[in-house]
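Student: Before we start, here is the structure in question, set down as structure tokens.
Read the figures in this text as sums done on the coordinates, not as results from a lab. Please read all numbers here as calculations on a predicted model, not as lab measurements. Cβ coordinates were reconstructed from backbone atoms using ideal geometry, including for glycine residues, and neighbour counts include every protein chain displayed.
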Amino acid sequence: LKLAVLASGKGSNLKAIIEDILSKRLDAEIKCLIVSNPNCGAIEIANKHLIPVKVVTSNDFINRESLDQHLVNLLHAYNVELVIMAGWMRIVTHILIDSFKNKIINIHPSLLPSFKGKEAVKNALNNKVKITGCTVHIVEEEVDSGEILIQSAVQVNTGDTEELLLKRIQSQEHKIISLGIAIAGQRLR
Ligand code: GRF
């Protein structure tokens, strides 16, 4: 299964995927990492594993559609079958969705459909839920919607801070991301 990872953060999910591939828990190959932030930690992880890195920043494009068209071209050039968004902080357009229908997945730090958007962990804390978690889902044009593939629950502890809770959520993300990839990959067969 040929993957592309789209990221802009520290790349801990990228690292988890790489580890699962190396230990043969996941039968896949990462063809490229695409980042929207030229200074993100994910780049270093990709370099270490000789994964090609492409930087795609919004400054270079007149609108979201032309950026997405560029992504589509890149993904085709690398023969990518499945696209993994792990912290791709960018709204995607029909240009990308239509070219990779059901072939783009995202990981989000809440139990969707609760707490969509960028402040998922903060909103979970503010709403005083006792259980939150993370979700791997198919990407649709509407943000953080699309069919849910797998979820993992995380308990909210008394006295939790956003940082502490996020840390526990992310350790669950690292457990389910490859399972989500495998489920999405199965459907392509
Ligand atoms: C993850 O927490 C994911 O849920 C969110 O962005 C974060 C990416 O983290 N969409 P990392 O770069 O994989 O460490």
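Student: Give me the pairs: first residue in the stretch 41-60 and of a type in the set (Val, Ile, Thr), second residue in a helix (DSSP H, G or I), beta-carbon distance under 6 Å, and six or more apart or on different chains, which are they?
Tutor: Final answer for the pair search is 45/14; 45/15; 53/43; 53/46.
Student: Take the residues of the stretch 140-161 that are surrounded by 14 or more Cβ atoms within 10 Å (Cβ to Cβ) and touching a helix residue (DSSP H, G or I) at 6+ places or on another chain (Cβ under 7 Å): which is farthest from residue 93 (Cα to Cα)?
Tutor: The extreme case among them is 160.
Student: Okay, moving on. Given (1) under 20 Å from residue 184 (Cα atoms); (2) more than 16 Å from the ligand (Cβ to nearest atom), where does residue 66 come up short, assuming only one miss?
Tutor: Of (1) under 20 Å from residue 184 (Cα atoms); (2) more than 16 Å from the ligand (Cβ to nearest atom), only one is false for residue 66: (1).
Student: Only one of these is assigned to a loop (DSSP other than H, G, I, E, B) and aliphatic (A, V, I, L, M): 74, 33, 26. Name it.
Tutor: Being assigned to a loop (DSSP other than H, G, I, E, B) and aliphatic (A, V, I, L, M) holds for just one of 74, 33, 26, which is 26.
Student: Take the stretch 4-23 and flag every residue that is outside any helix (DSSP H, G or I) and in contact with a helix residue (DSSP H, G or I) (Cβ under 7 Å, 6 or more places away or on another chain). Walk me through it before giving the result.
Tutor: Residues of the stretch 4-23 outside any helix (DSSP H, G or I): 4-11, 23.
Answer for the stretch 4-23, where residues must be outside any helix (DSSP H, G or I) and in contact with a helix residue (DSSP H, G or I) (Cβ under 7 Å, 6 or more places away or on another chain): 4, 5, 7, 9, 10, 11.
Student: Would you check which residues across the stretch 18-33 are under 9 Å from residue 178 (Cα atoms) and surrounded by 20 or more Cβ atoms within 10 Å (Cβ to Cβ) and list them? Don't jump to the end; show me each part of the working.
Tutor: Filtering the stretch 18-33 for residues under 9 Å from residue 178 (Cα atoms) gives 20-21, 25-26.
Correct list: 20, 26.
Student: Are any residues in the stretch 85-99 within 14 Å of the ligand (Cβ to nearest atom) and within 15 Å of residue 141 (Cα to Cα), and if so, which ones?
Tutor: Within the stretch 85-99, the subset within 14 Å of the ligand (Cβ to nearest atom) is 85-92.
Correct list: 85, 88, 89, 90, 91, 92.
Student: Still on this structure, I have one more. For the stretch 5-25, state whether one or more residues are within 16 Å of the chain's Cα centre (by Cα) and away from the ligand (no atom under 14 Å from the Cβ).
Tutor: The answer is no, given that none of the residues of the stretch 5-25 is within 16 Å of the chain's Cα centre (by Cα) and away from the ligand (no atom under 14 Å from the Cβ).
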